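What follows is a set of notes on a single structure, which appears directly below.
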Amino acid sequence: MTNKAALITGITGQDGAYLAQLLLGKGYEVYGLLPRRSTSEVNLTRLEWLGIEKSVQFIDGDLNDLSSLIRALQKAQPDEVYNLGAQSFVQTSWDQPILTGQVSGLGAVNLLEAIRLTRPETRFYQASTSEMYGLIQEPMQSETTPFYPRSPYAAAKLYAHWMTVNYRESFNLFSCSGILFNHESPLRGLEFVTRKVTDGVARIKLGLATELRLGNIDAKRDWGHARDYVEAMWLMLQQDNPDDFVIATGQTTTVRDMCTIAFNAAGLKLEDHLVIDPRFFRPAEVDVLLGNPAKAIAKLGWKPKTSLQEMIEEMLAADLKRLQK
Ligand code: GDR
């Protein structure tokens, strides 16, 4: 057990919830930054799902309000800060490119500045993303693969990524960037494709819907389980030296094959229910992502524990249970 404190931005999201659970289990005092404009907007569903909503201490603050970040650091006195807050839905980033840049890009810099000015000994984790590889420059992407962002979201995240590297090199901050490939769970938002699929398949199975509408099902992603991936975030901040790591499974699957797993698990046939809807195509697509987690395996002793099949089955079972209530 530790007596450390951690501050998490994006605490109400999928990764924030799993990370909070992990850190509470290790004895951390966990603080969560809550950006809010009205009380009714605050959504603690994921923390409640894990039964930890009363164990987290919330601090009002916003990634775009530097003074609120300074106050949050003064209040929490964290040993570690995990920046998981973002506008994280790629498709929305074309409709809100400036907001995405402000939250997902500049937000990280505000936090780095707050740390540099008030608590430079604080260890910092930045949630970077495989979306930064975009139009891939190597068949398997590692820490040394050049980036080619393909969305306003990816461009914003790339800025935050380089600023994390830059603050490490310029100011000697212990700042690390985890380049996480897609990671899912029953806590994934319904707009993301895996959860949209397991929720959709569960609805069809229960007679609540007849079809599932998707966009580009030829896209390929390297999908892991969020519960496994938050462990890598923590491990990065426990090392002797700050560094960047790719977190991935090393396997890539088409959206179509991922769907097939879900339909089969429900005893249904994909061809009977799947409808391709152009509304879900993106202005620029990331066709294929495949991560090489060799560095994380060697240096962090981390490895993915959950297969895609196991994860989709877990998500489908959770959606069936929820919808039956
Ligand atoms: P992604 O995740 O954009 O990779 O980013 P998402 O699940 O949204 O899309 C994955 C792929 O599926 C294709 N697709 C659809 N996607 C959605 N959302 N809805 C559909 O109906 C649909 N049909 C096909 C997409 O075109 C895409 O190719 C996620 C986010 O969590 C980011 O924040 C994070 O940084 C990366 O993962 C790693």
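Could you list, in sequence order, the residues of segment 266-285 that are surrounded by 11 or more Cβ atoms within 10 Å (Cβ to Cβ), within 24 Å of the chain's Cα centre (by Cα) and either more than 8 Å from the ligand (Cβ to nearest atom) or not assigned by TED's automatic domain parsing to the domain that holds Met315 (or both)?
The answer is Ala284, and nothing else.
Only one of the numbered conditions (1) in contact (Cβ under 8 Å) with a residue 40 or more places away in the chain; (2) open to solvent by 40 Å² or more (accessible area, probe 1.4 Å); (3) within 12 Å of the ligand (Cβ to nearest atom) is violated by Lys196, and that is (1).
Among residues of segment 118-138 being among the hydroxyl-bearing types (Ser, Thr, Tyr) and part of a helix (DSSP H, G or I), the one that is farthest from the chain's Cα centre (by Cα) is Thr118. For segment 161-185, filtered to residues that are farther than 22 Å from Ala219 by Cβ and under 13 Å from the mean Cα position of the chain (by Cα), the residue that is nearest to the ligand (Cβ to nearest atom) is Gly178.
Here is a check on your reading of the model: is Glu143 in contact with a strand residue (DSSP E or B) (Cβ under 6 Å, 6 or more places away or on another chain), part of a loop (DSSP other than H, G, I, E, B), modelled with pLDDT of 95 or more and among the charged types (D, E, K, R)? So Glu143 passes the test.
Taking every residue in segment 85-101 that is closer than 16 Å to Asn216 by Cβ and touching a residue at least 60 places away in the same chain (Cβ under 8 Å) and pairing it with any residue that is open to solvent by 60 Å² or more (accessible area, probe 1.4 Å) and assigned to a helix (DSSP H, G or I), at least 6 positions away or on another chain, the pairs with Cβ-Cβ distances below 8 Å are Gln91/Phe280.
Picking from Glu143, Glu191, which residue would you name as being within 16 Å of the ligand (Cβ to nearest atom), under 21 Å from Phe280 (Cα atoms) and of a type in the set (Asp, Glu)? Checking each option against the conditions leaves just Glu191.
Scanning segment 149-175 for residues that are over 21 Å from Thr122 (Cα atoms) and aliphatic (A, V, I, L, M) returns Ala154, Ala155, Ala156, Leu158.
Considering each of Leu214, Leu158 in turn, give the residue that is within 16 Å of the ligand (Cβ to nearest atom), among the hydrophobic types (A, V, I, L, M, F, W, C) and in the same structural domain as Thr100 (by TED's automatic domain parsing). Break it down stepwise before answering.
Working: Leu214 fails: in the same structural domain as Thr100 (by TED's automatic domain parsing).
Checking each option against the conditions leaves just Leu158.
Going through segment 72-122 one residue at a time, which ones are touching a Pro at 6+ places or on another chain (Cβ under 7 Å) and open to solvent by less than 20 Å² (accessible area, probe 1.4 Å)? It would help to see each step written out before you state the result.
Just the residues of segment 72-122 that are touching a Pro at 6+ places or on another chain (Cβ under 7 Å), to begin with: 93-94, 97, 100-101, 122.
Ser93, Thr100, Thr122 - these are the residues of segment 72-122 that are touching a Pro at 6+ places or on another chain (Cβ under 7 Å) and open to solvent by less than 20 Å² (accessible area, probe 1.4 Å).
Within segment 113-137, the set of residues being more than 13 Å from the ligand (Cβ to nearest atom) and under 24 Å from Gln91 (Cα atoms) comprises Gln137 only.
Screening segment 294-325 for residues that are more than 19 Å from Trp223 (Cα to Cα) and small (Gly, Ala, Ser) and picking the one that is most open to solvent (accessible area, probe 1.4 Å) gives Ala298.
Considering Asp79, Asp60, Asp65, the condition of being out of contact with any helix residue (DSSP H, G or I) (no Cβ under 9 Å at 6 or more places or on another chain) and in the same structural domain as Gly178 (by TED's automatic domain parsing) is satisfied by Asp79 alone.
Once segment 218-248 is narrowed to residues that are open to solvent by 20 Å² or more (accessible area, probe 1.4 Å) and in a loop (DSSP other than H, G, I, E, B), the residue that is nearest to the ligand (Cβ to nearest atom) is Asp218. Residues in segment 280-295 that are part of a loop (DSSP other than H, G, I, E, B) and aliphatic (A, V, I, L, M): Ala284, Val286, Leu289, Leu290. So for segment 37-55 (the condition being closer than 25 Å to Leu117 by Cβ, among the aliphatic types (A, V, I, L, M) and either in contact (Cβ under 8 Å) with a residue 12 or more places away in the chain or not in a loop (DSSP other than H, G, I, E, B) (or both)), does at least one residue qualify? No, segment 37-55 has no match at all.
The set of residues in segment 199-211 that are part of a loop (DSSP other than H, G, I, E, B) and within 13 Å of the ligand (Cβ to nearest atom) contains only Glu211.
With respect to Tyr125, is the statement that it is of a type in the set (Ser, Thr, Tyr), closer than 30 Å to Glu29 by Cα and buried (at least 24 other Cβ atoms within 10 Å of the Cβ) true? Steps first, please.
Details: of a type in the set (Ser, Thr, Tyr): yes; closer than 30 Å to Glu29 by Cα: yes; buried (at least 24 other Cβ atoms within 10 Å of the Cβ): yes.
Here the answer is yes, as Tyr125 does meet what is asked.
The values are calculated or read from the model by the stated rules, or taken from the named source; none is laboratory data. Treat the numbers as computed from the prediction; the structure is a model and nothing was measured. Neighbour counts run over all protein chains shown; Cβ positions are idealised from the backbone, glycine included. SASA here: full protein model, heavy atoms, side chains in, ligands and nucleic acids out. Shrake-Rupley method; radii C 1.70, N 1.55, O 1.52, S 1.80 Å.
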